[in-house]
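Computed from the coordinates by the stated procedures, all read-outs in this text should not be read as laboratory data. Remember, predicted model here, so these are calculated numbers, not experimental data. Note that each Cβ is placed from the backbone with ideal geometry, even for glycine, and that neighbours are counted across all protein chains shown.
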Amino acid sequence: MERTRKRRIIMTGGGTAGHVMPNIALLPELRAEDYLIAYIGSENGIEKDLIREQRIKYYGIASGKLRRYMSLQNFTDPFRVIKGYSQAKKILKKLKPDVVFSKGGFVTVPVVVAAGRMGIPVIIHESDMTPGLANKIAMRYAKKICCTFPETIKYIPSEKAVLTGTPIRAELIKGDKKAGYDFTGLTPGKPVILVVGGSTGAKNLNEALWAILPELVKSYNVVHLCGAGKTDSDYDNVRGYVQFDYVNEQMRDLLAMADIVVSRAGANAIFEFLTLRKPNLLVPLPAEASRGDQILNADSFKRQGFSSVIEEKDITPKALMKAINSLYKNKQQYIDAMAQSTLQDSISKIIDLIDTI
């Protein structure tokens, strides 16, 4: 009797952790279904180490950034994209995947284009409200496009759109509140605020928080992720306050102990809060520092009743204190709204799509 061939999937995505972590979230279920999994990313991007930690076969290809602004690299990067396309095509021919799953980022463009032209089914996942440039180019080669937000559907071909939300790593749900207290050294007894400024920090948010810290710690314990190199030793000995540049494995325990969260509005982060039903105050990255996607993300969650929002330009110590107190006072209404959300169970929805495409 002929043995049934295992299904094969190639995953791709890179440039930032946001283009990698949702792929990682899918791995346990793909392994449980006995998929043969390989990954195509850039030669030296952040995704390389993140994926190798997962013991997945990794293939690095050349990639170039598709810029909307003038740069000398605009003249050389097209040649890297062409080289990446040729490399991706060779890898696809060798591995013969049944499906390619792309999370976005510029490295995915040559992979998706090569797969599409070779007749290999492609599924794209778009995290943000509006598709990024890489996904805009790649979507014509996709069979299906997974959307994180209901509002995204109007930006893509309707016959390809599938509303899935964004996949969240299962280990985040397994956070331990006691482990969080052990890690931070804080004493239980007061509500806990987790403040997350993102990997590069949020200067205005940090400074406003420090300005109200003496008043804040009278009522709350505060865990502050300041951003790389952004901690301030002047606040090391404030009772009820602890600061870190960033955390990795301990994040699930910090979320478990948090009563409310103050955070940037990246799609992955806010869907973690939704999954864990953590009332949150979002401070989206301003438009001048981004393409405005975090502002749109925050507006969507505010409309759905999942989040409170304060724009960075409006942050003052007084405004931040008022917003935090209001969020904590009304936390149950946010929890109730999140409990009614249909934008959950994303992993099952995406795996079903991969299985049936």
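Once you keep just the Cα pairs under 8 angstrom separated by 6 or more residues, what percentage relative contact order results for the chain?
Details: 673 pairs, mean separation 50.6, N = 357.
Dividing the mean separation by the residue count of the chain yields 14 percent.
Each of (1) 1.14; (2) 0.92; (3) 1.04 is a candidate for Cα Rg over 2.2 N^0.38 Å; the one calculated from this structure is (3). Quick check: Cα centre of region 197-259 to Cα centre of region 75-111, how many Å? Their Cα centres are 40 Å away from one another. Derived scalar couplings between HN and Hα for region 146-154 equal 7, 10, 8, 10, x, 5, 5, 4, 6 Hz in order, rounded to whole Hz, by the Karplus curve 6.51 cos²θ - 1.76 cosθ + 1.60 (θ = phi - 60°), x for Gly and Pro. Site pair Glu207 and Ala339 shows an inter-label distance of 4.1 nm when each label is modelled 7 Å from Cα along Cα→Cβ. Using θ = phi - 60° in the Karplus curve 6.51 cos²θ - 1.76 cosθ + 1.60, the 3J(HN,Hα) couplings for region 123-133 round to 10, 10, 10, 10, 6, 8, 4, 10, x, x, 4 Hz; x is entered for Gly and Pro.
Amide H contacts under 5 Å for Ser63: Glu43, restricted to partners 5 or more places along the chain or on a different chain, H placed in the peptide plane at 1.01 Å from N.
Quick one: length gained pulling Ser219 to Tyr58 fully straight, 0.36 nm per residue minus the C-alpha distance? Display every interim value, and only then the final one.
On the way: separation 161, 0.36 × 161 = 57.96 nm, distance 4.84 nm.
Extra length available between Ser219 and Tyr58 comes to 53.1 nm.
Here the Karplus relation 6.51 cos²θ - 1.76 cosθ + 1.60, evaluated at θ = phi - 60°, turns the backbone of region 341-348 into coupling constants of 5, 9, 8, 10, 6, 5, 4, 4 Hz, with x for every Gly and Pro. The H on the amide N of Val309, modeled in the peptide plane, is under 5 Å from the matching H of Leu282, each at least 5 residues off or on a different chain.
As a footprinting exposure proxy, order Lys203, Lys103 by other Cβ within 10 Å, with the fewest listed first.
Details: Lys203 13, Lys103 28.
Lowest to highest Cβ neighbour count: Lys203, Lys103.
Across the cross-link table entries Lys103/Lys144; Lys177/Lys318; Lys48/Lys93; Lys90/Lys136; Lys57/Lys144, which are compared at the Cα atoms, the separations over 19 Å belong to Lys177/Lys318; Lys48/Lys93; Lys90/Lys136; Lys57/Lys144.
How would you rank 114-123, 326-335, 270-279, highest first, on the average number of other Cβ atoms within 10 Å across their residues? Write out the running numbers ahead of the final one.
Numbers: 114-123: 19.0, 326-335: 14.4, 270-279: 22.8.
Put in order of decreasing packing, that is 270-279, 114-123, 326-335.
Please get the size of the charge dipole for region 8-163, origin at its Cα centre, with Cβ charges of +1 on Lys and Arg and -1 on Asp and Glu, quoted in debye to the nearest 20. Walk me through the numbers before you get to the answer.
On the way: 24 positive and 13 negative charges, 140 e Å.
Charge dipole of region 8-163: 680 debye, to the nearest 20.
Candidates Ser219, Gln294, Val247 compared by Cα position along the dipole of region 171-339: farthest toward the positive end lies Ser219, with charges placed on Cβ. A simple spin-label model places the labels of Asp232 and Lys190 1.8 nm from each other, with each point 7 Å out along Cα-to-Cβ.
Relative contact order for region 8-163: 21 percent, from Cα pairs under 8 Å spaced at least 6 residues apart, divided by residue count.
From its DSSP helices (H runs of at least four residues, each -39,500 (n - 2.57)), the chain gives a residue-normalised ellipticity at 222 nm of -11500 deg cm²/dmol. Of the residues Leu133, Ser158, Phe79, the one whose Cα sits farthest toward the positive end of the charge dipole of region 8-163, with +1 on the Cβ of Lys and Arg and -1 on the Cβ of Asp and Glu, is Phe79.
If R0 is 41 Å, the Cβ-Cβ spacing of Met321 and Ser158 corresponds to a FRET efficiency of close to 0.35. Under a model in which nothing but the beta-carbon of Lys, Arg (+1) and Asp, Glu (-1) is charged, the chain shows a dipole of about 1340 debye around its Cα centre. Residues whose amide H comes within less than 5 Å of that of Leu163, counting only those at least five positions distant or on another chain, are Cys147 (H built at 1.01 Å from N in the peptide plane). The simple spin-label model puts a point 7 Å past each Cα toward its Cβ; for Glu311 and Met118 those points are separated by 4.6 nm.
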